[in-house]
Protein chains: 2
Amino acid sequence: MCQLLGMNCNTPTDVRFSFSGFAQRAGNTGDHTDGWGIAFFEEKGLRLFVDHQRAVTSPVAQLIREYPIKSCNVIAHIRKATQGVTSLQNCHPFVRELWGRNWVFAHNGDLKQFAPKLHAHFQPVGDTDSERAFCWIMQELSKSHAGLPSIQELTHTLRELAARIAPHGTFNFLLSNGEALWAHATTALCYTERRYPFTQAHLADEDLSVDFASETTPNDKVAIIVTAPLTKNEEWTHFRSGELKVFVDGVCLSPPSPVQS
Amino acid sequence: MCQLLGMNCNTPTDVRFSFSGFAQRAGNTGDHTDGWGIAFFEEKGLRLFVDHQRAVTSPVAQLIREYPIKSCNVIAHIRKATQGVTSLQNCHPFVRELWGRNWVFAHNGDLKQFAPKLHAHFQPVGDTDSERAFCWIMQELSKSHAGLPSIQELTHTLRELAARIAPHGTFNFLLSNGEALWAHATTALCYTERRYPFTQAHLADEDLSVDFASETTPNDKVAIIVTAPLTKNEEWTHFRSGELKVFVDGVCLSPPSPVQS
């Protein structure tokens, strides 16, 4: 299985503290060593870093830990291969363009017998169940809406699409188009919202603390979504199975949704 | 204007020597300081690095110069903005997926009054003439062929498409799908083929030499395509205006084509 990390904020924020703890799970505190990737939105632009080396030793991950890339929407993934060989084209996150926006997707789980009909557009490059599911979601989104819909409409459509894929297995995913970040869980996903008054946080996976109060303004809002809690002293809310939540400007907008599986 | 660098090889090759000289043009020996980018194919997978800082000082470019990423198809671009603001979404190379392959495109030049009709798929994310031209090429390729055609067929279609865009201005571009690299010139592009017996090369833009003989095998073939010659002591062949050439396994397959403009 894999692990996911997402960040959604109202002001461009440095993800290095959270990524540092998360990357420990790729070899030190976890065995997610079959590649990794991270995508940072900067307005509509995107930086995507993928590597088939483990995140804990990869030179590219080292760059991420040292170079403060500030972003309002980040999706990261460390991989423990279950389907597909360890190669660059199988590293999450995956990216496609739709309606003139970049869409980024990362998945934790395993989908059995999910072989939807994919038309000419949105074909997988690699051979994972995850990229196939992403291509199908993009295809169905493009069929459902003529142009970029509102976040509310997208959330509605994505909730329907996720419910159609979820019965095929474990379908924890993060998706963002740079405006919002959607998160769906069947087994393992939790989130925390960091806002004023900021406090000190201590990583669960390595001996590192940060005092957010000294690095933020009172208006900053940051939501972190992750497979398992990253810190010891923050409040983490666990997703219920079947829940899809949307995060905008560092806030979880979704009321608890009916459990669907 | 911008500058382009492409590499096409028969065995995964380290582009650091050529990129090092090329990056000097982003601030030291040239004024191409409005962002840069580089894409490396690894089989069907892709690493894309873009940055709106100048390549000569960017931490990401520093990583590229230090981390030996070996690839058979590389496209790099340093930007001097003529259309579109300096932002990440306007940094070349651009990427789209078609027929389950990544396609990478970078452009040097300026297209006037090129506003083709773009259908739902392949919409630009940024606001450059270059990405618009790329989206149109992808759209027309997907209309011309039901699935991935042979390199020969692609070359034929691309030659027609390039000839339709070129009258709008300056249209030097590099395009690759990881199998082949296509290069089209209207004003400035040249190439060299490195093969056995390898010799020493000396960069034109900085005081750096490399002895390729010590880093290669007799079977290696490497083609370098660039806006202006990178080295002082290699033979560079200049494209004629209107020429589209295709490079496969480190060899230029194209006979000189008729001059079209």
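Between A:G35 and residues 5 or more places away or on another chain, which pairs have amide H atoms under 5 Å apart, with H built 1.01 Å from N, and which residues are they?
Hits under the 5 Å cutoff: A:R54, A:A55, A:R79.
Is there a quick way to get the dipole size of region B:109-261? I mean about its Cα centre, with the Cβ of Lys and Arg at +1 and of Asp and Glu at -1; what is the value in debye to the nearest 20?
The calculation lands at about 660 debye.
Give the whole-number value, in cubic angstrom per residue, of the convex hull volume spanned by the C-alpha atoms of region A:56-148. Intermediate results must be reported in sequence, preceding the final value.
Details: hull volume 11.3 nm³, N = 93.
In region A:56-148, the Cα convex hull volume per residue is 122 Å³.
Mind checking the mean number of beta-carbon atoms from other chains within 10 Å of the Cβ atoms in B:42-53? Can you show the working numbers first?
Details: counts 5, 5, 8, 10, 7, 7, 6, 5, 5, 3, 2, 0.
That works out to 5 on average.
Rounded, prolate or oblate: which fits region A:120-261, taking a ≥ b ≥ c as square roots of the Cα gyration tensor eigenvalues, rounded meaning a/c under 1.5, else prolate when a/b beats b/c?
Verdict is prolate for region A:120-261.
Please turn the phi angles of region B:197-204 into ³J(HN,Hα) values with the Karplus equation 6.51 cos²θ - 1.76 cosθ + 1.60 (θ = phi - 60°), one per residue in order, whole Hz, x for glycine and proline.
Each residue's phi maps through the Karplus curve to give x, 6, 10, 8, 10, 10, 5, 7 Hz.
Quick one: B:Y67, A:Y196, fewest Cβ neighbours within 10 Å first, how do they rank?
On the way: B:Y67 15, A:Y196 12.
If I rank by nearby Cβ atoms, fewest first, I get A:Y196, B:Y67.
Report the equivalent ellipsoid semi-axes for the protein assembly as shown in whole Å, largest first, defined as the square roots of five times the eigenvalues of the gyration tensor built from alpha carbon atoms. Please report the intermediate quantities before stating the final value.
On the way: eigenvalues 311, 131, 88 Å².
Values for the protein assembly as shown, descending: 39, 26, 21 Å.
Charges only on Cβ, +1 for Lys and Arg, -1 for Asp and Glu: so what's the dipole of region B:3-252 about the Cα centre, in debye to the nearest 20? Don't skip to the answer; put the middle values down first.
Working: 23 positive and 27 negative charges, 112 e Å.
Result for region B:3-252 is approximately 540 debye, rounded to the nearest 20.
Short version: ³J(HN,Hα) in whole Hz for each residue of region B:215-221, in order, from phi by Karplus 6.51 cos²θ - 1.76 cosθ + 1.60 (θ = phi - 60°), x for Gly and Pro, what are they?
These are the phi-based 3J(HN,Hα) values: 10, 9, 10, x, 8, 5, 9 Hz.
Quote the charge dipole size of the protein assembly as shown about the Cα centre in Debye, to the nearest 20; the model charges only the Cβ of Lys and Arg (+1) and of Asp and Glu (-1). Spell out each step's value before the answer.
On the way: 46 positive and 54 negative charges, 207 e Å.
Around 1000 debye, computed over the protein assembly as shown.
For the pair B:Y196 and B:N10, how long in nm is the line joining their label points, each one 7 Å along Cα→Cβ?
With each label point 7 Å from Cα toward Cβ, the separation is 0.9 nm.
Grab the beta carbon distance between A:Q62 and B:A228, set R0 = 35 Å, and tell me the FRET efficiency rounded to 0.05.
FRET efficiency, A:Q62 to B:A228: 0.55.
Using the Cα centre of the protein assembly as shown as origin and beta-carbon charges of +1 (Lys, Arg) and -1 (Asp, Glu), tell me which of B:A146, B:H77, B:P167 is placed farthest towards the positive end of the dipole.
Towards the positive end, the residue furthest out is B:A146.
Would you calculate, for chain B, the mean residue ellipticity at 222 nm contributed by helices, counting each DSSP H stretch of 4 or more residues as -39,500 (n - 2.57) and dividing by all residues, to the nearest 500?
-5500 deg cm²/dmol
Subtracting the Cα-Cα distance from 0.36 nm times the residue separation, let me have the gained length for A:H145 to A:D110 in nm, one decimal.
Details: separation 35, 0.36 × 35 = 12.60 nm, distance 2.81 nm.
That pair, A:H145 and A:D110, stretches by 9.8 nm at full extension.
To the nearest 0.05, how large is the calculated FRET efficiency for A:A213 and A:L253 if R₀ is 25 Å and r is the Cβ-Cβ distance? Walk me through the numbers before you get to the answer.
Working: r = 25 Å, r/R0 = 1.02.
FRET efficiency, A:A213 to A:L253: 0.45.
Can you tell me the alpha carbon radius of gyration of region B:3-252 divided by the globular rule-of-thumb value 2.2 N^0.38 Å?
On the way: Rg = 16.9 Å, N = 250, 2.2 N^0.38 = 17.9 Å.
The value comes to 0.94.
I want the local charge near B:H184. Using Cβ-Cβ distances under 14 Å, sum +1 for each Lys or Arg and -1 for each Asp or Glu among the other residues. Write out the running numbers ahead of the final one.
Numbers: positive: B:R159, B:R164, B:R240, B:K245; negative: B:E160, B:E243.
Once positives and negatives cancel, what remains is +2.
Only the coordinates and a few stated rules stand behind these numbers; no lab work does. The structure displayed is predicted, hence computed values, not measured ones. Because the Cβ atoms are built from the backbone with ideal geometry, glycine has one as well, and the counts that use them run over all protein chains shown.
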